[in-house]
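The next block holds one structure in the form of structure tokens; read it before the comments.
Every number in this text was worked out from the coordinates using simple rules, so none of it is lab data. Predicted model only: the values in this text are computed from it and were never measured. All Cβ positions, glycine included, derive from the backbone under ideal geometry; neighbour counts span all protein chains shown.
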């Protein structure tokens, strides 16, 4: 496998992992809204908290994580870009 | 004081700007205590901020194609994040979102998840690859990847439908806010709004829009967060509402039990003469509705908004302005962070606002009090006059019940500072913030449409030999024409603000999402497949919207139709996008594999470093 193909395979895997996390916080959680709402977090009912703030925060964290991980992958295969670019 | 270039000095420049804005707020507070009228403070807030945006727009004027279309590709990550957040958060987000949460509760909050979760799709599937491609517009990517003028024109068509629906809503919002803040008729507000929008974008294109959007973000986020934190500590919700309102949410639940959640009959509301568009609380604040259908309604709305986010051209094109692929990816994360600041505050504002009105223990509470007393309150009188709030004593007991208090959703943002007894200077600030939110989105949309028409239709298809001067004249003329057309349609007030905003997402997702994503992720996708996908997707979505939206279906079929599987007019992308995907895959597999040059182009755009796939000047 060429360098380019290996880079793309790894990038693809990273995309699947990121989208799995995304799917969990945007879809899976809210399939169980009534059940979740019986629990509480910071005093809020959990499903209410997740849709008002929790999932939103999760997306922000996922994106910063996903970005830095992708940069590592790019570096690993020699596709990194100069900082001052 | 400023060494080095403009870009190096950005933090200093916007730091000074923010400081200047803070000084202006303090000056207005002093003016208020010196007896300047509330109306004049509102006028000064809007005039001062809009004047600054216009000044930035003038300073950013340009005669270069690269600067006009993609801001010279030198916008730093964090600033591009702010500009995208302003581009993204529309007048509807600013003015109507908290009100939507206030009345719609849990199910409505699918919008919050949808409008943030979509950025994960943007960052993983599209933004870095489109940036590497080096295109000027979104149809430019489609046209180059699939090759040919027809597929380019098809994508311009989808872009036009989606963005134009959206822009009329934004110009409408600009008009509403301008008319209230300046005390002028709505129609005049629309045209004043339009002129401000055009001044910000016409002279400098993307460059001017970028730097005004950063300025607008600062105004709108201050205007949204300041009242939330202030009201929270005032009603005893704690200094950091996002983490501390658990008790308040529980208290609202108790009060709902105490007052009872009653549904009014349509006949009652009609005979009481409740003005159109006003709502009352009939659902629980934090409760989750039961049943599979309720889950599906939540999820389908969230999916439409997420996928729509990842297909809206005015957002995607913001990531063409960064210096590198890495910067594009990072700036998506920053955009989402800046958006999160506002979106996570909307439910908090709704909670505080609801508690202020409902809790009889608070001085501001009105539910459960005598109607005569409530009608004597100054803010109730002022907002009743403009038909934004309404009281109907259904049971005739002279006491205001929960189901007897009506108000427009916008009031939650626009009037809560007044209700909670904050000084008027805060209300003036909120007007300025709403204006900034509506203007920044309208700017981005008008530019997205006119750039697609001037670059993809005029330069790429009609006159490829046109020189720079001619291209920019055409681009600016189209900008004015699109703006005027949008304002003209907005002045008829065809739909409510929110209805048409959701439609834009559904249109974009029906026609653009899969052609864009498969363009990067599936080499086998062919031109014929893309054309078929775009056309069937947008057509099926549009036909379903006509079928399911009562106003249209009554006009065409004479009857209103029930939504199929709960897919109503807010969710018609659930029909268009799958049809687009299936058609595109089937037709692609039936036609000849793309040639080597195209496959190499896709390979190149997947590699983050190196030169853009298409040359710099094109």
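Residue check: is residue B:308 within 14 Å of chain A (Cβ to nearest Cβ), outside any helix (DSSP H, G or I) and in contact with a helix residue (DSSP H, G or I) (Cβ under 9 Å, 6 or more places away or on another chain)?
In short, no.
Based on this model, can you work out whether residue B:316 counts as within 14 Å of chain A (Cβ to nearest Cβ) and either surrounded by fewer than 24 Cβ atoms within 10 Å (Cβ to Cβ) or part of a helix (DSSP H, G or I) (or both)? Full working, then the answer.
Values: within 14 Å of chain A (Cβ to nearest Cβ): no; either surrounded by fewer than 24 Cβ atoms within 10 Å (Cβ to Cβ) or part of a helix (DSSP H, G or I) (or both): yes.
In short, no.
Could you list, in sequence order, all residues of the stretch B:454-496 that are in a helix (DSSP H, G or I) and within 30 Å of residue B:409 (Cα to Cα)?
Within the stretch B:454-496, B:482, B:483, B:484, B:485, B:486, B:487, B:488, B:489, B:490 meet the criteria.
Which ones in the stretch B:235-249 are surrounded by fewer than 17 Cβ atoms within 10 Å (Cβ to Cβ) and either away from chain A (no Cβ under 14 Å) or touching a strand residue (DSSP E or B) at 6+ places or on another chain (Cβ under 6 Å) (or both)?
Scanning the stretch B:235-249 gives B:236, B:239.
Counting residues that are surrounded by 14 or more Cβ atoms within 10 Å (Cβ to Cβ), at the interface with another protein chain (Cβ under 7 Å from one of its Cβ atoms) and more than 11 Å from the chain's Cα centre (by Cα), which helices (runs of 4 or more DSSP H) fully inside the stretch A:8-85 reach at least 3?
So the answer is A:55-76.
How many residues does the stretch B:573-599 hold that are under 15 Å from residue B:522 (Cβ atoms) and within 14 Å of chain A (Cβ to nearest Cβ)?
Residues flagged as under 15 Å from residue B:522 (Cβ atoms) and within 14 Å of chain A (Cβ to nearest Cβ) within the stretch B:573-599 amount to 1.
Applying the selection to the stretch B:551-569, what residues are in a helix (DSSP H, G or I) and within 24 Å of residue B:302 (Cβ to Cβ)?
Selection gives B:569 alone.
On the basis of being buried (at least 24 other Cβ atoms within 10 Å of the Cβ), within 30 Å of residue B:354 (Cα to Cα) and touching a helix residue (DSSP H, G or I) at 6+ places or on another chain (Cβ under 9 Å), does residue B:116 make the cut?
Yes.
Collect the residues in the stretch B:119-143 that are part of a helix (DSSP H, G or I), more than 8 Å from chain A (Cβ to nearest Cβ) and either under 20 Å from residue B:534 (Cβ atoms) or without any contact (Cβ under 8 Å) to a residue 40 or more places away in the chain (or both), keeping them in residue-number order.
B:122, B:126, B:129, B:130, B:133, B:138, B:139, B:140, B:141, B:142, B:143
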